[in-house]
Amino acid sequence: MPEKTLLKHTDTPNSETMDFYLSQKGYEASRKALTSYEPAKLIDEVKGSGLRGRGGAGFSTGMKWSFVPKDIFPKYLVCNADESEPGTFKDRALIERYPHSVIEGIIIACWAVQINSAFIYIRGEFTLGAKKLQKAIDEAYQKGFLGKNIFGSKFNLDITVHRGAGAYICGEETGLLTSIEGYRGYPKIKPPFPAIQGLFAKPTVINNVETLANLPYILNNGAQWFKSMGTEKSPGPKIFCVSGHVNKPGLYELPLGTPCMEIINNYGGGVWKNRKLKAVIPGGSSAPVLTAAQAEKLNMDYEAVAAAGSMLGSGGLIVMDETVCMVNALYNLIRFYHHESCGQCTPCRYGTGWLDKILHRMEHGNGKQGDIELMLNICDNMRGKTICVLADAAAMPVQSFIKNFRDEFEYHIKEHKCTVTI
Amino acid sequence: MPKTFNAKTMEKFQALSQRYPTKDALLLPVLRLAEEEFNGIDDDAMELVAGLVGVPPAKVMSVFTFYTHYRRAGSGKYLLQVCSTLPCALRGSQEIFEHLKKKLGIDSEETTKDGKFTLKKVECLGSCGTSPVVQINEDYYENLTTEKLDEILNKLQ
């Protein structure tokens, strides 16, 4: 296995403590940023590294920072630790096992964009993570790495841990902001983009946990080091979350561009129970499903996965073996999206409900002729027609499951049962 | 009966007030304080939160009902949240849920007569690499089998 960076210490005892982090050059990068980098130079450095957001969209982090107006105060940074995309569980490991790397990343980002107040929005279920983060933040205040005049400079920075409460939609950045502001987590129309008018209507940077955790290493080792890993357009290490039907599910930190089958076979221990691979969802549950044949040729970087018709997303690789009924799997996912639709936009509120209803009847042997076309029609009426992309996130699995496994849906309708008999 | 926070919770409330630029933003964190002190949120708790934050009780209820993870008043001593989304389902979460249903004699969103357990089928808990997973109150129990789960339940008093 290639040498790990982000997850190097997450299995080490006491890795979440300040003492341990300091023993690993902890807070040297943020000190260096504050003392020897002008903010503009720091943004250039991160742009130059090619770091792309690890939350799902894969947008250039440095570019995102440069959109923030310089003359409006206060500005905010929000660390998105909502980690709610099914199949994704990497941020939890960083938060629980190496929280200081995330805090240091926040300090670096805040210095680059000149922000004095940051919030970490952590999903409500992660009680342990919230406690560990708070403890790490308290330690950082005590050391003078947070609060007033950090590292003896004139720069002030406060970090507040804000707990969510079980709503997938709050992982969507504008829904997240609305949630911090004290409302139902309803997404907002963009523009204005958060960089211009975000939290409390002020310019706001929103970065994923893993994105921020990369920053100390980029500062310590340089942009060239970062670019030496991965592909030209997708550089750096990436945490892949492998779940489902493999022998060794878990987190694997590998360069972007690692072949999908290498992740499944060499790291994930292969498909379990000596079964054959049937399908993979490469980037969390919203990403279009791919067949085993497509997975054979797939490299796991943003461009290659997009070229194959899916998305690298958050790096959540869900593996399905030959015993999976694709109607049943899709029904499970759509039930999730129906439950999590915030209900603001009609196409999503009704669309996810109808898809759920149709798949429910199909799964229970009551599918009707025309149901496949009806589902595709509903998807057409959802995609691109809502405030946020939850509708698209629900429609993409439906469209791709039908495209790649249409015969199973037809069989369900005709024979009122599964093709899968194991 | 109108509720009040104890002195320790009030201290936490005061500290929170310093962290946010608007009063509305206090709503989610203060609901957590109420959940913690009263072990679940009911109408009286919502009214208390409304008074402290300075928003109408109807707004508190609107927000509270949007979020599924706050503990509802009347929940059992142990709240068992069984993840049921695809990555867990692929590794046997349905079996875990059925086992609990049978063992406790209750369905999702129900509480045992002795008030000890509340069962809840929930969506993704973000622990897909160690599925199936059940959250019992604050703690995650991972890589579960029905045998392991029985052992865990036996230890809960």
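The values are calculated or read from the model by the stated rules, or taken from the named source; none is laboratory data. This one's a predicted model, so the numbers in the text were calculated from it and none came from an experiment. In this analysis, Cβ positions are derived from the backbone assuming ideal geometry, glycine residues included, and neighbour counts consider all displayed protein chains. Side chains included, ligands, DNA and RNA excluded: accessible areas come from the protein's heavy atoms. Shrake-Rupley method; radii C 1.70, N 1.55, O 1.52, S 1.80 Å.
Only residues that are without any contact (Cβ under 8 Å) to a residue 12 or more places away in the chain, in a loop (DSSP other than H, G, I, E, B) and open to solvent by 30 Å² or more (accessible area, probe 1.4 Å) were counted in the stretch A:340-377, giving 2.
Restricting A:R383, A:R406 to those that are open to solvent by 10 Å² or more (accessible area, probe 1.4 Å) and under 21 Å from the mean Cα position of the chain (by Cα) reduces the list to A:R383.
In the set (1) assigned to a helix (DSSP H, G or I); (2) within 21 Å of A:T10 (Cα to Cα); (3) not small (G, A, S), the condition left unmet by A:E125 is number (1). Taken over the stretch A:172-186, the criterion of being more than 7 Å from chain B (Cβ to nearest Cβ) and not in a helix (DSSP H, G or I) is satisfied by A:E172, A:Y186.
Would it be correct to say that B:K59 is more than 8 Å from every other protein chain (Cβ to nearest Cβ), farther than 27 Å from A:E96 by Cβ and surrounded by fewer than 22 Cβ atoms within 10 Å (Cβ to Cβ)?
The answer is yes for B:K59.
Return yes when A:P191 is more than 14 Å from chain B (Cβ to nearest Cβ) and either surrounded by fewer than 24 Cβ atoms within 10 Å (Cβ to Cβ) or part of a loop (DSSP other than H, G, I, E, B) (or both) and no when it is not. Judged against the criteria, A:P191 is a match.
Can you give me the ranges of the strands (runs of 3 or more DSSP E) entirely in the stretch A:206-294 with at least 1 residues that are farther than 30 Å from A:E28 by Cβ?
Working: elements: A:237-244, A:250-255, A:277-281.
Ranges flagged: A:237-244, A:277-281.
Within the stretch A:223-251, being away from chain B (no Cβ under 14 Å), open to solvent by 20 Å² or more (accessible area, probe 1.4 Å) and not charged (D, E, K, R) holds for A:Q224, A:W225, A:S228, A:M229, A:G230, A:T231.
Within the stretch B:120-151, which residues are farther than 23 Å from A:S341 by Cα, more than 8 Å from chain A (Cβ to nearest Cβ) and open to solvent by 30 Å² or more (accessible area, probe 1.4 Å)? Selection gives B:N137, B:Y141, B:E142, B:N143, B:T145, B:E147, B:K148, B:D150, B:E151. All of (1) in a strand (DSSP E or B); (2) over 23 Å from the mean Cα position of the chain (by Cα) hold for A:I318 with one exception: (2). Only one entry in A:A29, A:A33 is open to solvent by less than 20 Å² (accessible area, probe 1.4 Å) and in contact with a Pro (Cβ under 7 Å, 6 or more places away or on another chain), namely A:A29.
Within the stretch B:5-20, identify whether any single residue is free of Cβ contacts under 8 Å to residues at least 60 places away in the same chain and at positive phi, and answer yes or no. Looking through the stretch B:5-20, none of the residues is free of Cβ contacts under 8 Å to residues at least 60 places away in the same chain and at positive phi. Scanning the stretch A:378-399 for residues that are part of a loop (DSSP other than H, G, I, E, B) and touching a Gly at 6+ places or on another chain (Cβ under 8 Å) returns A:N381, A:M382, A:C388. Condition test on A:F200, is it assigned to a loop (DSSP other than H, G, I, E, B) and either outside the structural domain of A:Y27 (by TED's automatic domain parsing) or surrounded by fewer than 22 Cβ atoms within 10 Å (Cβ to Cβ) (or both)? When the stated conditions are applied, A:F200 does not pass them. Could you grab me the full set of residues in the stretch B:1-25 that are open to solvent by 70 Å² or more (accessible area, probe 1.4 Å) and not hydroxyl-bearing (S, T, Y)? Within the stretch B:1-25, B:M1, B:P2, B:N6, B:A7, B:K8, B:E11, B:K12, B:Q14, B:Q18, B:R19, B:P21, B:K23 qualify.
Comparison of A:I115, A:I107 shows that the only residue that is among the aliphatic types (A, V, I, L, M), within 14 Å of chain B (Cβ to nearest Cβ) and either open to solvent by 40 Å² or more (accessible area, probe 1.4 Å) or farther than 30 Å from A:P282 by Cα (or both) is A:I115.
Identify, from the list A:E373, A:E303, A:E363, A:E296, the residue that is outside the structural domain of A:G175 (by TED's automatic domain parsing) and touching a Ser or Thr at 6+ places or on another chain (Cβ under 7 Å).
Of the residues listed, the single one that is outside the structural domain of A:G175 (by TED's automatic domain parsing) and touching a Ser or Thr at 6+ places or on another chain (Cβ under 7 Å) is A:E303.
Selection within the stretch B:76-88: residues that are within 12 Å of another protein chain (Cβ to nearest Cβ) and buried (at least 24 other Cβ atoms within 10 Å of the Cβ). The member of this set that is farthest from A:G284 (Cα to Cα) is B:C83.
Where helices (runs of 4 or more DSSP H) sit wholly within the stretch A:36-104, those with at least 2 residues that are surrounded by fewer than 17 Cβ atoms within 10 Å (Cβ to Cβ), among the small types (G, A, S) and more than 14 Å from chain B (Cβ to nearest Cβ) occupy A:39-49. Where helices (runs of 4 or more DSSP H) fall wholly inside the stretch B:49-157, the ranges with 1 or more residues that are under 30 Å from B:T4 (Cβ atoms) and out of contact with any helix residue (DSSP H, G or I) (no Cβ under 6 Å at 6 or more places or on another chain) are B:57-66.
All conditions but one from (1) without any contact (Cβ under 8 Å) to a residue 60 or more places away in the chain; (2) away from every other protein chain (no Cβ under 13 Å) apply to A:M311; the one that does not is (1). Would you check if there is a residue in the stretch A:262-279 being on the phi > 0 side of the Ramachandran plot and away from every other protein chain (no Cβ under 14 Å)? Checking the stretch A:262-279: at least one residue is on the phi > 0 side of the Ramachandran plot and away from every other protein chain (no Cβ under 14 Å).
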